[in-house]
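Novice: One structure coming up, written as structure tokens, with questions to follow.
None of the figures in this text is laboratory data; all of them are computed from the coordinates on show. For clarity, every value in this text was computed on a predicted model and none was experimentally measured. Ideal geometry is used to build each Cβ from the backbone, glycine not excepted, and the neighbour counts take in all protein chains shown.
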Amino acid sequence: MTSHDDSPEDRHFAAQRQQLVSHLRGHGICDERVLWAMGQVPRHLFVETAYQDVAYEDRPLPIGQEQTISQPYIVARMTEALLGATEPPPRKVLEIGTGCGYQCAVLDLLVEHVYSIERLHALLEQAREHLAALAIHNCTLRHGDGFAGWPEEAPFDGIVVTAAPTSIPESLTAQLADGGRLVLPVGHAQQNLLVVQRCGNELRETMLEPVRFVPLVPGVA
Ligand code: SAH
């Protein structure tokens, strides 16, 4: 990711980002790698100008097409769960639900390569612009239905799903490398954030916390 000019505006947003990092720490995010990455990515550049002033508040914001940029706490929590206690971190990660590209930019700082799928063409184009503006080149984006995963690039060391299916898609657990983790919200109105880890042929499931995501919708538009 390119560094920014040191203008008064950049310093203002950088200070807000550091406050957000303190807030995340206070809410239980403790992986220093994740806190560092959250402190680097300029979230205000992923939202419309009208929302830039509130870009570092801990809440989702509209990005058009009835979709949202995820709440920073959730991005941090999912990234922490994806990395686990592993050192070195996962090499190859798949994200389902690119949206405006923010989670991609966070992951880009922590893993070797990010593959990300978005079903809405208009949002994917937005994400491409945001990532290009920051000179992020380790993310490969695809317009498609995330329910299918990305079989040509499987297996993945980690998969993160940023929209909620009603059950764990088998197509995604099938694309996990041994030891790899799938982090995803599951449910309708009531959703839980789950981690599914592949240990050989076995899948170990852990529930993290209740969450609320937009639904994972089949097909593309
Ligand atoms: N990762 C984003 C959050 C995007 S919100 C961030 O960093 O803020 C969830 C996204 O999932 C939406 O853009 C939505 O269009 C997308 N989505 C929903 N169903 C999908 C599917 N089947 N395949 C791919 N993307 C999907």
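Novice: Using only the Cα atoms of region 1-68, what are the Rg and Dmax in Å?
Specialist: 12.6, 34
Novice: How far is helix 8-26 tilted off the main Cα axis of the chain, in degrees rounded to 10, range 0 to 90?
Specialist: Taking the Cα atoms of the chain, the angle to 8-26 is about 40 degrees.
Novice: Go through 127-137, 96-106 and give me the packing order, highest mean Cβ count within 10 Å leading.
Specialist: So the order, starting with the most tightly packed, is 96-106, 127-137.
Novice: Additional query: Sorted from fewest to most neighbouring beta carbons within 10 Å, what does the list Asp31, Asp108, Asp58 look like?
Specialist: Fewest to most other Cβ atoms nearby, the residues stand as Asp58, Asp31, Asp108.
Novice: Please list, ordered by chain and number, the residues whose modelled amide H lies under 5 Å from the amide H of Glu95; skip anything fewer than 5 residues away on the same chain.
Specialist: Answer set, sorted by chain and number: Tyr115, Ser116, Ile117, Val160.
Novice: Label points 7 Å out from Cα along the Cβ direction at Glu66 and Tyr51: separation in nm?
Specialist: Result for the modelled spin labels: 1.6 nm.
Novice: Over the chain, one equal point on each Cα, no solvent: what is log10 I(q)/I(0) by the Debye formula at q = 0.07, 0.13, 0.17, 0.18 Å⁻¹?
Specialist: The Debye formula, applied to the Cα set alone, gives -0.19, -0.69, -1.25, -1.42.
Novice: Same structure again: Can you tell me the FRET efficiency between Asp178 and Met207 if r is taken as the Cβ-Cβ distance and R0 is 30 Å, rounded to the nearest 0.05?
Specialist: The pair Asp178/Met207 has a calculated efficiency of 0.85.
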